[in-house]
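> First the structure, then my questions, so here it is.
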Amino acid sequence: MFGAGGGTSSYREAEDADLLVLWGSNAREAHPIFFHHVLRAIRRGARMYAVDPRRTSSAQWADAWLGLEVGSDISLANAIAREIIEAGLVNETFVERATTGFDEYAASVQPYTLDRASRDTGVPASLIRQLAHDYARADRAQICWTLGITEHHNAADNVFALINLALLTGHVGRYGSGLVPLRGQNNVQGGGDMGAIPNKLTGFQDVAANTEARARFEAAYGTPIPPEPGWHLSQMFEAMEDGELTACYIIGENPLRSEADTGRARKLLSGLEHFVVQDMFLTDTAKLAHVVLPATATWCEAEGTVTNSERRVQRVRKALEPPLGARDDIEIIGEIARRLGAEWGQPSAEDLWNELRTLSPMHAGMSYRRLEELGGIQWPCYDEQHPGELFLHARLWEEDPAKRGTPAPFTPVQHDPPVDELSPEFPIRLTTGRRLDSFNTGVQTEHYATPIRRPETLNLSPEDAARLGLAEGEVARVSSRRGSLEVPVHVDQTLRAGLAFMTLHFPDQVATNVLTLDAWDPKSGTAEFKATAIRVDKPGQASPAGENLNAEVEA
């Protein structure tokens, strides 16, 4: 109910919250614009908790930092829930009126005592209790999360654990309270809204269950639409491995560098019978393609719309002519369709948007004119008199059952530790993340210089660096069960013993994803980038897995 769409609250509401929980989110570096709103709330007197394995630059602004073990989020969330229930802090009126499944959920969290959660997470029991009481008692509270929650083999369950807390306390469907998933990339919200999800049509209409929506699309497109969901990215790579997927058309994505287990990704992409990449950069993925289609920079060389994490649809306007040879994505796709026998004409971005408005009820009222006049509109917006919704799920507070609609279900989930287990051979947990100055695989940020950027490093705690005899800047050999690489060491005071950190920003310097695991969440398809078991040695020392750790040569 809450996991597939956008955030239930707007960014600006963060300024008026009494309590903010940044859970698996280093917003100070990964979402700095949003973090400005967080800082305004803090300066107004709001309290903030940071739940993160690292003492990040965001955590340094927090009233309290819960430095949990990587992959122990569900144990922590369930213990918070148990404490709220035991302390009599449940919003009983909301739970009874607006939710289902409370009794089953309450029973499922009973084993998660404060002591058990403290053992699972490494967080002191007193701090878990403090967060539970403060969150339940706050008038307006938000839980904000991002890839620290979702890049795990049990990503969806992690999110359900947080949703359960909001339902338990009634922190949803009201101004200033809500659930705020901070999207990992620009316009990824818009991509999902447009139907770039294997089981959804535009506007999050289910391709299998929503027969009315499917009929509407079939009438508009003049062709049957299969009701079966498609493959998500992880399933596509498995299909390549099984020989089911032999041709691939990639638009604006760099999976050779962004997918876990780089060696496997390279092998599978290189083995495709027909491989097309459409991008504004000649990425490492594009270099493997049989055909490369140069596209425009959509943020300044094309017309269209963009949707941010708070569901706000805004206009994008063409400011520059593209370089010679680059063509608008709409033009490229239309030309491919023509060569395949479909004549679509030459629709403008606005023509396509207006078609979308007839197919996606939540976008129906968003004409270009209104988007211009209002400076953007938050979906849903059902007609041209509708102002859009500042926050979602207000219906759950309606007195009238007919207006309240379908209740929100509790979803019991259980602690499930990372797939890549720590062992005497691989005793250190590597987690990955972003830095303020760079973005994702570096394609969009490597072309300019900044005084705050530094090369890729393996960040180690002072304790681990001393134990291993490694000094600042010294090159170390890092090995996982999949591959090995060499990288300079950075002694990082924000890390505790047993935890290491790297980014994916500089694949030409260090191919971090040589190390990561391609285990993925069956509900969301997200790979477990955040929990890799590694060992760190000085170069020249023997690795326990011997000859298997040469992936950096292939990558």
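The values are calculated or read from the model by the stated rules, or taken from the named source; none is laboratory data. Please read all numbers here as calculations on a predicted model, not as lab measurements. Reconstructed Cβ throughout: ideal geometry from the backbone, glycine too, with neighbour counts over all protein chains shown. The accessibility values were calculated without ligands, DNA or RNA, using every heavy atom of the protein model including side chains. Shrake-Rupley method; radii C 1.70, N 1.55, O 1.52, S 1.80 Å.
> With A215, A297, A289 as the choices, which residue is surrounded by fewer than 19 Cβ atoms within 10 Å (Cβ to Cβ) and modelled with pLDDT of 95 or more?
Step by step, each of A215, A297, A289 is checked, and only A215 is surrounded by fewer than 19 Cβ atoms within 10 Å (Cβ to Cβ) and modelled with pLDDT of 95 or more.
> Follow-up. Out of the strands (runs of 3 or more DSSP E) lying entirely within the stretch 213-325, which hold 1 or more residues that are among the aromatic types (F, W, Y) and touching a Cys at 6+ places or on another chain (Cβ under 6 Å)?
On the way: elements: 247-251, 274-279, 291-294, 304-307, 312-316.
Qualifying strands (runs of 3 or more DSSP E): 274-279.
> Considering P407, P412, P455, which residue is open to solvent by 60 Å² or more (accessible area, probe 1.4 Å) and within 29 Å of the chain's Cα centre (by Cα)?
Just a single option satisfies the conditions, and that option is P455.
> Let me ask something additional. Taking only the stretch 85-112 into account, find how many residues are open to solvent by less than 50 Å² (accessible area, probe 1.4 Å) and either in a loop (DSSP other than H, G, I, E, B) or aliphatic (A, V, I, L, M) (or both). Write out each step before concluding.
First, the residues of the stretch 85-112 that are open to solvent by less than 50 Å² (accessible area, probe 1.4 Å): 85, 87, 89-91, 94-95, 98-99, 101, 105-106, 108-109, 112.
Pick out the ones that are also either in a loop (DSSP other than H, G, I, E, B) or aliphatic (A, V, I, L, M) (or both) and you get 85, 87, 89-91, 95, 98, 101, 106, 109, 112.
Total meeting the criteria: 11.
> Sticking with this one: Out of G45, G88, G122, G101, report the one residue that is at positive phi and in contact with a strand residue (DSSP E or B) (Cβ under 7 Å, 6 or more places away or on another chain).
The conditions single out G101.
> Just wondering, is there one or more residues in the stretch 231-249 that are crowded, with 17+ Cβ neighbours inside 10 Å and either assigned by TED's automatic domain parsing to the domain that holds N513 or under 21 Å from E335 (Cα atoms) (or both)?
yes
> Consider R315 against the criteria (1) touching a strand residue (DSSP E or B) at 6+ places or on another chain (Cβ under 9 Å); (2) open to solvent by less than 40 Å² (accessible area, probe 1.4 Å); (3) under 27 Å from M236 (Cβ atoms): it satisfies all of them except one. Which criterion is unmet?
Answer for R315: the failing condition is (3).
> Consider I42 against the criteria (1) in contact with a Phe, Trp or Tyr (Cβ under 8 Å, 6 or more places away or on another chain); (2) of a type in the set (V, I, T); (3) in contact (Cβ under 8 Å) with a residue 40 or more places away in the chain: it satisfies all of them except one. Which criterion is unmet?
(3)
> Which residues, taken from the stretch 260-277, are open to solvent by 30 Å² or more (accessible area, probe 1.4 Å) and over 25 Å from T296 (Cβ atoms)?
Applying the first criterion (open to solvent by 30 Å² or more (accessible area, probe 1.4 Å)) to the stretch 260-277 yields 264, 266-267, 270-271, 273-274.
Correct list: R264, R266, K267, S270, G271, E273.
> So for the stretch 163-175 (the condition being of a type in the set (S, T, N, Q) and either open to solvent by 20 Å² or more (accessible area, probe 1.4 Å) or in contact with a His (Cβ under 9 Å, 6 or more places away or on another chain) (or both)), does at least one residue qualify?
no
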